[in-house]
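Since the structure comes first, as structure tokens, the remarks are kept for the end.
Just so you know, all these numbers are worked out from the coordinates, no wet-lab data involved. Quick caveat, the model's predicted, so the values are computed rather than measured. Cβ sites come from the backbone with ideal geometry, for glycine too, and all protein chains shown count toward neighbours.
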Amino acid sequence: MENVGGITETDVSLNPGVTVLEGENATNRTSFLRSIMAALGSDRNALKADADEGLVELSVDGETYPRRFERTKRGIRRSGDPYLDDPTVAEHFAFLLETNPARRAVANGEDLRPVIMEPIDTTAIQAEITRKTARRSQLDEQLAELDRLRNRRPELTEQVTQLEADIEEKRDTLAGVRDEIAGTEADLSETKETKAALESAFEEVQSLRSELSSVTDRLAAERESRSAAREEQAEIEAELESVPESVRAEREELESRRSSLRAQKSTLETEVSELQNLIQFNEDRLDEEGTLGEFQAESGTVTDRLVEDGTVTCWTCGSQVERAQITETIERLRELRAEKLDQVTDLEDEIDTLSSEIAELESRADRRQNLKRELDSLTSEIETRTRSIEDLETRRDELEAEIEATEAEIEELEFAQNHEELLDLHQRANRLELEIEQLHGKRDDIETELAEIETELERQEELEAERETIAEELTELRTRVERIETEAVEEFNERMDEILELMDYSNIARIWIERREPESGDTAEFDLHVVRSDQQGRAFEDAVGHLSESEREVTGLVFALAGYLVHDVGETVPFMLLDSVEALDSDRIARLVSYFETHAPYLVIALLPEDARAVDNQYPRITEI
């Protein structure tokens, strides 16, 4: 460590387990803890007052994680490669200094739920729920379609059976007609040439009728397809009318507003960072050196120096002020920082809203382009099908004319009565052959549809398995927040019961959190309860505000420990740091350390000499930094 907090330069090795930083106030213990925090990824540290550059390096398991600090006109610039990419969880539940959010929330009587849920990205969870819900709906539709296909299968099978019966019946009829034709032809005495001409004419009519049937079917299919395309064309045209032709102006306006808000947010974040640096700098002076650095207020620049008797000497006028006044000033700076953080949050919400609106406009513009492409494609398809219909109608008319001419040619042949009868028989045979061919076509189409249904039904097990998985994932997502809340409450209540028994507070029966569903809204609330007992052993509920400073500090530390356990902080953060526990007496500090020791690979705690003497002598001690 170099030039951080009150530390000029030092190199310290820590062993797993508990390490005690023993010393009086203003001996750089807090600066040392903040330096560990900085190496882990936190920005809650300050440069030494007389230095422009600083450095912290942390070596763990053969890897080194450096953080560098440089004083600039805009504040402290930080660089390097910290241990954690995101220190948020650690700052809430592992860095348990006096300003720790979990400890402060309990001490100030704030809502505890936002603190315990801070690391959970509820927005991402909701987006995942939306995505999986949409997929589940798709699967439900596909499974419903499979049910429809399964229900249709018996009907189609019955149709195939009926068609095969019809085909067999018509084949029998055709065989009878052919027998009649053979008998009639045997009775004829015309020349071979006449008979050949007649047979050729019959074959021609049969061929023409077969082609006419095919053309008629194709014509019907083309007309149906064109009709469907026209309906889809009308739907797209109607949708196009509801989509604005251009959203460019509106999008540019929203993007301009978003850019402006981002600039405001950046300015506020810079101010928040500067305030945080100022607060940390002055806190370090109070805790380590006994000197309060410079801070900026609306009335001007005032620089105070703390002295050992608890007063402050103004560098400008030399007057004396109480340390409490400096503490109040720092508190006002904290309040100002909190106000600006609230403004940053509000701006982030506005920026998110504008981003959503911009995305919606872009989606609408993309949708319009897609609709126009679909409309162009449909228009082209309609034109193509119209030409095909015209060609088929022309061919149909040609075939009808050819059939009429061929039949007229047959009728004009001067055959005997037997020839007229033979003509009728051939025409009937032609019709039967055509009908059989059509029945075969229908049967083949239905069998193809049945085969496709079987293929689709084979996917049912896969779709049902996917739907079951998604349903389980949705349940897990929807209950994740509730589960974490419940686990946090259970962890706190269990740990608090153990700690109270360990600490032996004579008149506290229980301190516990109740997770309560609100009457309105979508988030639960955490209510902190205190149950005391009188000399007769009767229990009664007391106000949280009536807790002693020692009791509040213990409650805050246990709440932080509950978050540490629920969020599995120990799996990613090897250190738990403790400071500002002087409100507890020495014996209780020793009990607290032995309890917390079991939950963190490295537990580093800053203690006054009289408190350090109460903890286990086997713990390594660092007395000079």
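Measuring between their Cα centroids, segment 470-525 and segment 575-593 lie 24 Å from each other. With the highest mean first, a sort of the peptides 599-605, 330-336 on other beta-carbon atoms found within 10 angstrom per residue produces 599-605, 330-336. Angle, helix 122-187 long axis vs. longest principal axis of the chain, Cα atoms, 0 to 90°, nearest 10? Value to nearest ten degrees: 10. Taken along the Cα-to-beta-carbon direction at a fixed 7 Å, the label points for residue 133 and residue 514 span 3.1 nm. Helical runs assigned H by DSSP (4 residues or longer) give the chain a calculated mean residue ellipticity at 222 nm of -22500 deg cm²/dmol, each run adding -39500 (n - 2.57) before division by the residue total. Most tightly packed first, judged by the mean number of other beta-carbon atoms within 10 Å of their residues, the peptides 579-589, 7-17 read 579-589, 7-17. The alpha-carbon atoms of segment 562-625 define a convex hull whose volume equals 97 cubic angstrom per residue.
Counted by neighbouring Cβ atoms within 10 Å, the residues 554, 205 run from fewest to most as 205, 554. Within the same chain, aspartates and glutamates fewer than 8 places from residue 442 are excluded, and of the rest, those with a Cα less than 12 Å from its Cα are 164, 166, 217. Among the aspartates and glutamates, select those whose C-alpha is under 17 Å from the C-alpha of residue 340, and discard any that sit fewer than 8 residues away in the same chain. By straight Cα distance, residue 340 reaches 269, 271, 274, 298, 331, 348, 349, 350. For segment 1-154, the gyration tensor built on C-alpha atoms gives a prolate shape. Its axis ratio a/c (a ≥ b ≥ c) is at least 1.5, and a/b is the larger of a/b and b/c.
Dimensions of the chain from C-alpha coordinates, computed as largest minus smallest value along each principal axis and given longest first, are 146, 60, 51 Å. Of the GluC sites (Glu not before Pro) found in segment 450-504, those that fall in a DSSP loop while having at most 10 other beta-carbon atoms within 10 Å are 458. Net charge dipole, the chain: roughly 4140 debye, given to the nearest 20, about the Cα centre with Cβ charges of +1 for Lys and Arg and -1 for Asp and Glu. Taking 7 Å steps out from each Cα toward its Cβ at residue 447 and residue 363 produces label points 4.8 nm apart.
By how many degrees, between 0 and 90 and to the nearest 10, does the Cα long axis of helix 29-40 differ from the longest principal axis of the chain? Value to nearest ten degrees: 20. In the chain, the longest principal axis of the Cα atoms and the axis of helix 248-284 are about 20 degrees apart.
Among 80-86, 140-146, 526-532, sorting by the average number of other beta carbon atoms lying within 10 angstrom of each residue, highest first, gives 526-532, 80-86, 140-146.
For residue 38, the shell of other residues with beta-carbons less than 9 Å away shows a net charge of +3, using +1 for Lys and Arg and -1 for Asp and Glu.
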